[in-house]
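K.L.:
Got a structure here, written out as structure tokens. Questions coming.
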Amino acid sequence: MRIRFRLDGQSVEVDVKHTETLLRVLKDRLGVGSVHFGCGEGSCGACIVLIDGRPRYSCLTLAGYVDGKEVSTVAALARDGELTEIQKAFVENNAAQCGYCTPGMILIVRALLEKNPSPSDEELFDALAGNLCRCTGYVPIINAIRSVIKR
Amino acid sequence: MAKLRGRGIAAICYPTGMNLGGDPSQTVIIAQPDGTFVVNVASVELGQGLRTVLAQIAAEAIGASIEDIEVRFGDTQLAPHDTGTFASRTTHRMGNAIIKAGQEVRQILLDVASKILEVSPQDLEIRNGKIWVRGVPDKFISVREVASQAQFVYNIPVVGKGHYVKPKSIVDPETGESDPHSTMAHGCVVADVEVDTETGEVTVLRLFTVYEVGRAVNPKLVEGQIIGGAVMGLGAALRETVYPRYPQIIHQTTSFREYVLPTAGDVPKIIYKIVESPTPTGPYGAKGVGEMVANGIAPAIVNAVYDAIGVQITELPITPEKVLKALSEKGKSK
Amino acid sequence: MSEQFSIVGKPIMNAQLLGHVTGSTQYVDEISFPGMLWMKAVRSPVPRGKIRRIDTSKAEKLPGVVRIITAKDVPNNIHVNMAAIGIGPPDEPVLPEDEVNYKGEAICLVVAKDEETAAKAAEMVEVEIEELPPVLDMEEALKPSAPVIKKWGMNAFIFGSGMDGATRPGRPGRPLFLVKRGEVEIALKQADYVVEGSYLIPPIEHAPIEPHVCVAKPEPGQRLTIYTTTQAPYFVRDNVATILNIPPSNIRVVAPAVGGGFGGKVDPEFEMQVAVAAMCVGRPVKWRWTREEEFTISTTRPAVKIEFQDALSKDGLILGRKARLLHDSGAYTRTSPYGVIKATVNLSGPYYIPNVHYEGYCVYTNRQPSSAMRGYGVFEFSYAVELQMERDAKKLGIDSWEFRFKNAYRNGQVSATGKLIDDAYLIEVMKEAVALAGVSLPNHLLQMSSWG
Amino acid sequence: MSLITSGYFAPVSVREVLSLKRRLRDKALIVAGGTAAVQLISKMIVEPQAIISLEKVPLDYVKMRANSVEIGATTPLARLIHRKDLPDALKKAVESIHGLALKDMATVGGNIFTPAPAGDIATALLSLDAVLILRGARGTRSVQLSKFYRGPLQFNIKPDEILTAVRVNRPPRMSAFLKQTPWKYSGPTIASVAVGLDLDKNGKTRRAMVALGGLTTHPYRAKKVEKMITGKKLSEQLIEGAAQHLTDGVEVIDDALASSWYRMRVAEVLFKRILYNITAGG
């Protein structure tokens, strides 16, 4: 089947199988570099994208689902080379090491803050519970997010 | 419901580099036409920040500005032999190799600058991307300019090579007599825990950690290792194993739903301090830090649970189940 | 602290961060080539058995399947990962010939046009295996009654014969690594207390968020480029060259940014299979491990059991220590002899113990091979030593800090392996920890130093 | 009507779903949020010829009435956060499931079908004596959730029916939910307990629903325990005694997360904590 959607603001048309996941289509067919395979079962969050602004595990989303929708990745956040506040905060707080989880982390934070600009710790931890990081110990990530919340 | 609190400590040492040595690292630093430098290493950037740390060491050794250093890594075609990125060896072994290569480059730059400035190389100083006649710091020529002119004007290649190996120590098979490591780093962890005696759950309240790293080449990256290592240690202490019924293979874990890692909200307060005791064997005194930081956490937590409940659990991880069983054994023996 | 330096000691920003936050850092999984094929393994369902039959005919007929690779396709099948540092003998097949030795061991490889087809075909390969009783428990494995899974006739590595990469060749060797200093039996006899302890660390998974991914691309003239998630490109190069029987310089290994390693990407544990497949089909081949393969196939931290017998004096000194360390290597050697030596030479921890007798055993069992993980050998001995220290202190009725301060090694002392200790700094570090955690210690401890 | 029997279908009404179901029968896999269903596909457990995605079916709603709550089957859990008007057990169960993306994707209806360690919502709904609204070709029927589970992955639903909503009629005056996970914010349910209670004016239990999750493939009601505490005052002796029978006649899961022994122990603790909290007036 042929699906049409917008990927980071640009129109995309691609033939997909009805059982194919969005992750496979983005990664193996469209060459989207910032969406990562980590577990394939919605545990790690490395594959998270925003679909019409809401976060979804692309490994648990069938490609057919995005037909007619808008898919955003971390690659489109920075405008004209200017990083967003969250991206800047991640850099300033050394909130990434290997970087494999970072795009998913940044998108989940963006989705959270869009809905709830000043989340409590409880809400923050709740939101982040589906994103694993094995390098940083999370503290720098939390610090980065808090620095954005304060502003 | 009873909650018991306890405190535990662990003191540790960490041998830097491959055990017994014999693990070479080699590098080549090459000036580019614009006078910037490429440092070629076969080491791998795993997220620990090697690109940054090795660039700092190269900049320091050459006297170049950090912005003018690019570390290219992870390619056997571009870089000479390196044993690998493990055993906390890269900062130490490759760092030493880079210092040697950087010093070669530095000497070339001083020689060329002496031609440009018409003074003896001994009268020159080089630091932070600038070369000047000793005592006249406001009259300088940039390292980039010198490195570039060396190639375009003076017909001199600006290439530095460096190699480092701790010669392999041969072990006496009867006594184990040997020289296993280049240097020891040290650490100490204090863990405060709370144990729920009904469910057996252990909550780590605080981790105080102190690490002696020789020299913190980049304190920000050392901090990153300390916190990341602490959380990896936390997981190992409380939850992680792929064989929950070891040595049986039944229930071997197959996913993050069975092998459950802590998430952002599951991390205790981590208070840390970095201490320096430079080693003469290390680059600018540095020892290896990446692995040590994961090692003291589990024993400190287990000792804290011992303090809280009065029973020492000896098998990792100390799951709530093991804590409950330990408590009930204790109850029986009373 | 570091004023004499211009850039060393400064908290410079991690140069990788800009790539990470914009999603532009390139990992192996981003690498692909026109005409690239995908690979999946057919894996053993049992921990130990004899392979009776492999029937690939049905799988080969599935449209999209290009080739199925078996042991006979590997030019030099039996290897040992750490040959570069002198460890031997070769004991691990790239693909098993007649027996499997752990659950999940790759029996053959399916190369197909895409990942899904390869996976489907792998399920269609029929493998008949005669199951044999597995060896799983280290203590059992060392008993004479245990089934033997190693060609040299016992389930332990032979140290001291030169094949451990640590000793000179020519001796007969023995199935344990030995560290001996002083007279431990006398110390145990003269001790006021003898305290025993036994500690176990089960296998732990590195679990970097990036799984193993490798692309091997044949180049003209028997050359090969391998893009892979490795921590040691030259290990990969040497091992692939060995099993393909081609010069190492024909192989280029590229490790772009790697998504976490923690030791789990030190062993060339899957590049050899991808390389063989790519050479066989003459096209680029990609293998991406599933998270399940990460847990069940990739190396783990070894299970390690450490037993101590400490000889203590009533004034709080450790007079001697007898120790026995068992290291679960899994089915194959990999880096284990190295890990055993690293742990065994350090069983005193950061303490001074004049009389020691340490034995380290590298034991083989029918589970996935273990290997390095963050603090290989050191994580394990640190755990056991620090639990034993606590047990000793409790027995003596001495404060935990005091016991550690008293026994901490000092500069000028000699280690268990006869090395002069010249960079001791534990006491100073413990003082810092005491201050940080707000502990008040008696003056006689605070006055101690690593130089006295 | 189309005769195509393979592909990705995103019907826009329940009627359309039913007609697709009739046509495709077992060739089709129904996908709501995708968190469970898509894994079945990518792990090659099922290989459906067709997907019926419920993404466009208007079953994403919460209807509060005087004495009932109805929640559409495809309502994502995120919709239920911060709703103060939901019964406590349900509210707490929703709060106990962490992860922003997961809560945006996972649906109330999907949770009913998903085996342990998922199923916290179902556990809470059991303690509220919820009913399921099933629609089929021959009309609508309702089934008590407690009678919906017939065995592991076997449900009281006909091939031509779909679950359209869950409804709680007459929610109990008091309800509570507690669960244990490997980490505070992370990991699947090791054991969960939900209790719904109505007390009479003398403090005696008039109606009791005790549900346990994570112990078996699907959550269940501990009928014996309910009987023991109904019509009586919740004394310490009664609570302690009843807690011994939570897993009577049940084979409790023993897996990588926990042994069956531990699951039973912790279920007991959670049950007692809930009841002691209620008797303490909490």
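K.L.:
For a quick check of your reading of the filter: which chymotrypsin sites (Phe, Trp or Tyr not before Pro) in the range B:143-179 sit in a DSSP loop and have no more than 16 other Cβ atoms within 10 Å?
P.N.:
Details: sites: B:Phe152, B:Tyr154, B:Tyr164; in loops: B:Tyr154.
Sites meeting the loop and neighbour criteria: B:Tyr154.
K.L.:
Looking at chain C, what % of its DSSP beta bridges pair antiparallel, to the nearest 5?
P.N.:
Around 80 percent antiparallel, to the nearest 5.
K.L.:
Let me ask something else about it. Can you compute 3J(HN,Hα) from phi for each residue in the range C:160-174, using the Karplus curve 6.51 cos²θ - 1.76 cosθ + 1.60 with θ = phi - 60°, rounded to whole Hz and x for Gly and Pro?
P.N.:
Working through the residues one at a time gives x, 9, x, 7, 8, x, 10, 10, 7, x, x, 9, x, x, 8 Hz.
K.L.:
Hey, how many Å between the Cα centroid of the range C:93-167 and the Cα centroid of the range C:202-217?
P.N.:
19 Å
K.L.:
Counting other beta carbons within 10 Å of each residue's own, what order do C:Met373, D:Met64, C:Met154, D:Met264 fall into, fewest first? Please report the intermediate quantities before stating the final value.
P.N.:
On the way: C:Met373 28, D:Met64 12, C:Met154 16, D:Met264 19.
Ranking C:Met373, D:Met64, C:Met154, D:Met264 by Cβ neighbours within 10 Å, fewest first, gives D:Met64, C:Met154, D:Met264, C:Met373.
K.L.:
Grab the DSSP H runs of chain D that are 4 residues or longer, score each as -39,500 (n - 2.57), total them, divide by all residues and round the 222 nm result to the nearest 500 deg cm²/dmol.
P.N.:
Working: 9 runs with 80 residues, N = 282.
It lands at -8000 deg cm²/dmol.
K.L.:
By counting other Cβ atoms within 10 Å of each Cβ, how are C:Ser400, B:Ser328 ranked from fewest to most? Kindly include the intermediate steps, with their values, before the conclusion.
P.N.:
Working: C:Ser400 21, B:Ser328 13.
Taking fewest neighbouring Cβ atoms as first place, the list is B:Ser328, C:Ser400.
K.L.:
Could you list which residues have their amide H under 5 Å from that of C:Ala191, counting only those 5 or more apart in sequence or on another chain, with H placed in the peptide plane?
P.N.:
none
K.L.:
Now, a different point. Trypsin sites (Lys or Arg not before Pro), restricted to the range D:136-235: which are DSSP loop and have at most 11 other Cβ atoms within 10 Å?
P.N.:
Counting only loop positions with at most 11 other Cβ atoms within 10 Å, the trypsin sites (Lys or Arg not before Pro) in the range D:136-235 are D:Arg138, D:Lys201.
K.L.:
Which of the trypsin sites (Lys or Arg not before Pro) across the range B:115-218 are loop residues per DSSP, with 12 or fewer other Cβ within 10 Å?
P.N.:
Numbers: sites: B:Lys115, B:Arg127, B:Lys130, B:Arg134, B:Lys139, B:Arg144, B:Lys161, B:Lys168, B:Arg206, B:Arg215; in loops: B:Arg134, B:Lys139, B:Lys168, B:Arg215.
Answer in residue order: B:Arg134, B:Lys139.
K.L.:
Just to be sure I understand: of the beta bridges DSSP finds with both ends in the protein assembly as shown, what percent are antiparallel, rounded to 5?
P.N.:
Details: 156 of 194 bridges.
Antiparallel bridges: around 80 percent, rounded to the nearest 5.
K.L.:
What ³J(HN,Hα) values, in whole Hz, does the Karplus curve 6.51 cos²θ - 1.76 cosθ + 1.60 give for the range D:58-69 when θ = phi - 60°, with x put for Gly and Pro?
P.N.:
Karplus-based 3J(HN,Hα) across the range D:58-69 equals x, 10, 9, 7, 10, 10, 9, 10, 3, 10, 7, 10 Hz.
K.L.:
With axes computed from alpha carbons, what is the tilt in degrees of helix C:378-396 against the longest principal axis of chain C, rounded to the nearest 10 within 0 to 90?
P.N.:
30 degrees
K.L.:
Using 22 Å as the Cα-Cα cut-off, could you pick out the over-long pairs in D:Lys201/D:Lys233; C:Lys113/C:Lys286; B:Lys168/C:Lys151; C:Lys58/C:Lys113; B:Lys322/D:Lys91? Display every interim value, and only then the final one.
P.N.:
On the way: D:Lys201/D:Lys233 11 Å; C:Lys113/C:Lys286 10 Å; B:Lys168/C:Lys151 29 Å; C:Lys58/C:Lys113 17 Å; B:Lys322/D:Lys91 32 Å.
The answer is B:Lys168/C:Lys151; B:Lys322/D:Lys91.
K.L.:
Still on this model: Net charge near C:Val80, counting Lys/Arg +1 and Asp/Glu -1 over other residues with Cβ under 14 Å of its Cβ? Intermediate results must be reported in sequence, preceding the final value.
P.N.:
Numbers: positive: C:Lys150, C:Lys151, C:Arg334; negative: C:Asp91, C:Glu92, C:Asp164, C:Asp238, C:Asp267, C:Glu269.
Summing Lys/Arg as +1 and Asp/Glu as -1 gives -3.
K.L.:
Here is a further query. If we count GluC sites (Glu not before Pro) as exposed when they sit in a DSSP loop and have at most 13 other beta carbons within 10 Å, what is the longest stretch of chain B that avoids them all? Provide the component values of the computation, followed by the final result.
P.N.:
Details: sites that count: B:Glu118, B:Glu174.
In chain B, the maximal stretch lacking such sites is B:175-334.
K.L.:
Count charges around C:Thr296 for me, please; just the other residues with Cβ under 9 Å from its Cβ, Lys/Arg as +1, Asp/Glu as -1. Working shown, then result.
P.N.:
Details: positive: C:Arg43, C:Lys103; negative: C:Glu292, C:Glu293, C:Glu294.
Around C:Thr296, the surrounding residues sum to -1.
K.L.:
For the range D:174-281, place one equal point scatterer on every Cα, skip the solvent, and apply the Debye formula. What is log10 of I(q)/I(0) at q = 0.16, 0.20, 0.24 Å⁻¹?
P.N.:
Log10 of I(q)/I(0), two decimals: -0.66, -0.98, -1.33.
K.L.:
Moving to a separate point now. Could you let me know the centre-to-centre spacing of the range C:168-183 and the range D:126-195, using Cα atoms, in angstrom?
P.N.:
If we compute the Cα centre of each part, the gap is 65 Å.
K.L.:
For the range D:80-94 and the range D:198-214, what is the centre-to-centre distance using only Cα atoms, to the nearest Å?
P.N.:
Between the Cα centre of the range D:80-94 and that of the range D:198-214, the gap is 19 Å.
K.L.:
Further question on the same structure: For B:Ser182, what charge total do you get from the other residues with a beta carbon under 13 Å from its beta carbon, if Lys and Arg give +1 and Asp and Glu give -1?
P.N.:
Details: positive: B:Arg89, B:Arg93, B:Lys166, B:Lys168, B:Lys287, C:Lys419; negative: B:Asp23, B:Asp179, C:Asp422, C:Asp423.
Residues near B:Ser182 contribute +2 overall.
K.L.:
Put +1 on the Cβ of each Lys and Arg and -1 on the Cβ of each Asp and Glu in the protein assembly as shown; which of C:Gly418, C:Gly438, C:Ile87 then has its Cα farthest toward the positive end of the dipole?
P.N.:
About the Cα centre, the residue reaching furthest to the positive side is C:Gly438.
K.L.:
Now for a separate question. Can you list the HN-Hα couplings for the range C:250-257, worked out from phi with the Karplus curve (6.51, -1.76, 1.60; θ = phi - 60°), rounded to whole Hz and with x for Gly and Pro?
P.N.:
These are the phi-based 3J(HN,Hα) values: 6, 10, 10, 10, 10, 10, x, 3 Hz.
K.L.:
Just how many pairs of Lys in chain A have C-alpha atoms closer than 29 Å, counting pairs that are eight or more places apart or on different chains?
P.N.:
10
K.L.:
222 nm [θ] for chain B, helices only, -39500 (n - 2.57) per DSSP H run of 4+, per residue, to 500?
P.N.:
Working: 6 runs with 93 residues, N = 334.
Dividing the helical sum by the residues of chain B leaves -9000 deg cm²/dmol.
K.L.:
How many Lys pairs in the range C:341-452 lie less than 22 angstrom apart by Cα atoms, where the lysines are 8 or more positions apart or on different chains?
P.N.:
Working: C:Lys342/C:Lys419; C:Lys394/C:Lys406; C:Lys394/C:Lys431; C:Lys395/C:Lys406; C:Lys406/C:Lys419; C:Lys406/C:Lys431.
Close lysine pairs under the 22 Å cut-off: 6.
K.L.:
Largest first and to the nearest Å, give the Cα extent of the range D:7-53 along each principal axis.
P.N.:
Sorted from largest, the Cα extents of the range D:7-53 read 30, 19, 13 Å.
K.L.:
For chain A, what is the calculated [θ] at 222 nm in deg cm²/dmol (nearest 500), taking -39500 (n - 2.57) for each run of four or more DSSP H residues and dividing by its residue count?
P.N.:
Numbers: 4 runs with 42 residues, N = 151.
Helix contribution divided over all residues of chain A: -8500 deg cm²/dmol.
K.L.:
For chain B, just the Cα atoms, rotate onto the principal axes and tell me the three extents in Å, largest first.
P.N.:
Its Cα atoms span 88, 47, 39 Å along the three principal axes.
K.L.:
Shifting gears a bit: Only Cα pairs under 8 Å and at least 6 apart count here; give the relative contact order of chain B as a rounded whole percent.
P.N.:
Relative contact order here is 26 percent.
K.L.:
On to the next question. Please report, to two decimal places, log10 I(q)/I(0) for the protein assembly as shown at q = 0.04, 0.07, 0.08, 0.09 Å⁻¹ as given by the Debye formula with identical point scatterers on the Cα atoms and no solvent.
P.N.:
Log10 of I(q)/I(0), two decimals: -0.23, -0.71, -0.94, -1.18.
K.L.:
Take every DSSP beta bridge whose two residues both sit in chain D, then give the antiparallel share in percent to the nearest 5.
P.N.:
On the way: 41 of 48 bridges.
Percent antiparallel among DSSP bridges in chain D is about 85.
K.L.:
With angles folded into 0 to 90 degrees, how steeply does helix C:426-436 sit against the dominant principal axis of chain C? Use alpha carbons for both and round to 10.
P.N.:
That helix lies at roughly 90 degrees to the long axis.
K.L.:
When all alpha-carbon pairs of the range C:1-72 are counted, what percent fall beyond 19 Å? Walk me through the numbers before you get to the answer.
P.N.:
Numbers: 1726 of 2556 pairs.
So the pairs more than 19 Å apart make up 68 percent of the total in the range C:1-72.
No value in this document is a laboratory result; all are computed from the given coordinates. Since the model is a prediction, treat every value here as computed from it, not as a measurement. Here Cβ is always computed from backbone atoms with ideal geometry, including for glycine, and neighbour counts include all displayed protein chains.
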